[in-house]
Amino acid sequence: MSNSNKSGNRTSRDTDTRETNARPKQWQPASLLPTPDPEDGYTFRWVRKSMLGIDDPSNFSRKVREGWETCRIEDHAEMKISVSAEAAASGLIEVGGLVLCKMPTEMVEQREAYYQKHGKAQMDSVDNSFMKENDPRMPLFKDRDSRVTFGRGSK
């Protein structure tokens, strides 16, 4: 047999690509809120401005004071189809009472570290307060362990 017969029965490696071997994309339900195009150095978040048609100015103003900046519709053209005409008139990207905001990622990480530290301090305080009440004669905590036995077990 010659080499030409062997190679004549083979398919070209050019036709064997990752796309032809990949699984078809699976259907999944659409997200309730549109996702903006990523922007280097920024984290996006939807902030509640109103709920059930009732404005919530205290929540929105608190988030703005924390450092969240509102995103403008002219800066995010990909969001125009998701925004109602009334919301677009205000210039904000608002969907269902939620306004798209952004914050520098560095500030987001500082904010998360603050709340982690704050939550840990609260848990430590609760644990210390609870342990003050602990008495060795009547412990509040009893180590629980489970045992697996085979056969008859104990009599």
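The values are calculated or read from the model by the stated rules, or taken from the named source; none is laboratory data. Because the structure is a prediction, the values reported are computed rather than measured. Remember, those area values only see protein heavy atoms, side chains included, never the ligands or the DNA or RNA. Shrake-Rupley method; radii C 1.70, N 1.55, O 1.52, S 1.80 Å.
Determine the alpha carbon to alpha carbon distance for each of Lys63/Lys120; Lys80/Lys117; Lys80/Lys102; Lys49/Lys80 and list only those over 27 Å. Intermediate results must be reported in sequence, preceding the final value.
Numbers: Lys63/Lys120 23 Å; Lys80/Lys117 39 Å; Lys80/Lys102 17 Å; Lys49/Lys80 19 Å.
Too far apart for the 27 Å limit: Lys80/Lys117.
From the backbone phi of the range 106-114, what are the Karplus-calculated ³J(HN,Hα) couplings (6.51 cos²θ - 1.76 cosθ + 1.60, θ = phi - 60°) in whole Hz, Gly and Pro given as x?
Result, ordered by residue: 4, 5, 4, 5, 5, 5, 5, 5, 4 Hz.
Suppose all protein chains stay in the model; what accessible area per residue would a 1.4 Å probe give for the range 26-65, in Å²?
On the way: 3320 Å² over 40 residues.
Value for the range 26-65: 83 Å² per residue.
Give the dimensionless ratio obtained when the Cα radius of gyration of the range 50-122 is divided by 2.2 N^0.38 Å. Could the numbers behind the result be given before it?
Values: Rg = 14.9 Å, N = 73, 2.2 N^0.38 = 11.2 Å.
After normalising by residue count via 2.2 N^0.38 Å, the value is 1.32.
Name the long-range amide H neighbours of Lys49: under 5 Å, sequence gap of 5 or more, or other chain; modelled H, no Pro or chain starts.
The answer is Leu98, Val99.
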